[in-house]
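The values are calculated or read from the model by the stated rules, or taken from the named source; none is laboratory data. Small disclaimer: the values here were computed from a predicted structure and weren't measured. Using ideal geometry, Cβ is built from the backbone for each residue, glycine included, and neighbour counts are taken over all protein chains shown. Please note that ligands, DNA and RNA were not included when accessible areas were found on the heavy atoms of the full protein model with its side chains. Shrake-Rupley method; radii C 1.70, N 1.55, O 1.52, S 1.80 Å.
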Amino acid sequence: MASGTSGHGIGGYKIPDGVAVWLNTYVSSHLPDYWEKPDEFNPYRFDDEELLKRSHYTYFPFSLGPRNCIGQNFALIEAKVILSRFLQTFKFSLVPGQSRKVRRSVTVRPEDGVMCTLTKR
């Protein structure tokens, strides 16, 4: 950027000072340049070896930078503990006939919810 100009650049485009830029986490986490089969559910893409293959900025569910979520680490640990406890206690079976349609907005969620039968292990 030439000296004496204000603002910053992203990908060769000048962003003037004071302009808010919103980055969509859904879009960035579905870019085929960074994700193999981006529309498929694959929890292994977050293994340590896989994380080293791409930029930290391709997936940011808790935001990035100085204003990121202060509860990020707690939320991730809490989710793992709760999920592991559920998986130890119950067997999950999807109720037949669900649409599997996805609603994409700020978050991604099932259009019709997820109906499961839980059986105690």
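Key figures for this structure:
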{"quantity": "Taking N as its residue count, the alpha carbon Rg of the chain over 2.2 N^0.38 Å", "calculated": "1.43"}
{"quantity": "Built amide H within the under 5 Å cut-off of H8, gap 5+", "calculated": "I15, D17"}
{"quantity": "Accessible carbon and sulfur surface of the chain relative to its total accessible area, %, 1.4 Å", "calculated": "58 percent"}
{"quantity": "Cα gyration tensor shape of segment 69-120, rounded if a/c is under 1.5, else prolate or oblate by comparing a/b with b/c", "calculated": "oblate"}
{"quantity": "Sites A20 and V108 - FRET efficiency at Förster radius 25 Å, r taken between beta-carbons, to 0.05", "calculated": "0.60"}
{"quantity": "Stretchable slack from S93 to S55, in nm (0.36 nm times residue separation minus alpha-carbon distance)", "calculated": "10.1 nm"}
{"quantity": "For segment 18-81: accessible area per residue (Å², 1.4 Å)", "calculated": "86 Å²"}
{"quantity": "Folded to 0 to 90 degrees: helix 72-89 orientation relative to the chain principal axis, Cα", "calculated": "20 degrees"}
{"quantity": "Cα-based Lys proximity count in the chain, under 20 Å, for pairs eight or more positions apart or on separate chains", "calculated": "5"}
{"quantity": "Label-point gap, in nm, between K80 and E40 - each point 7 angstrom along Cα→Cβ", "calculated": "2.5 nm"}
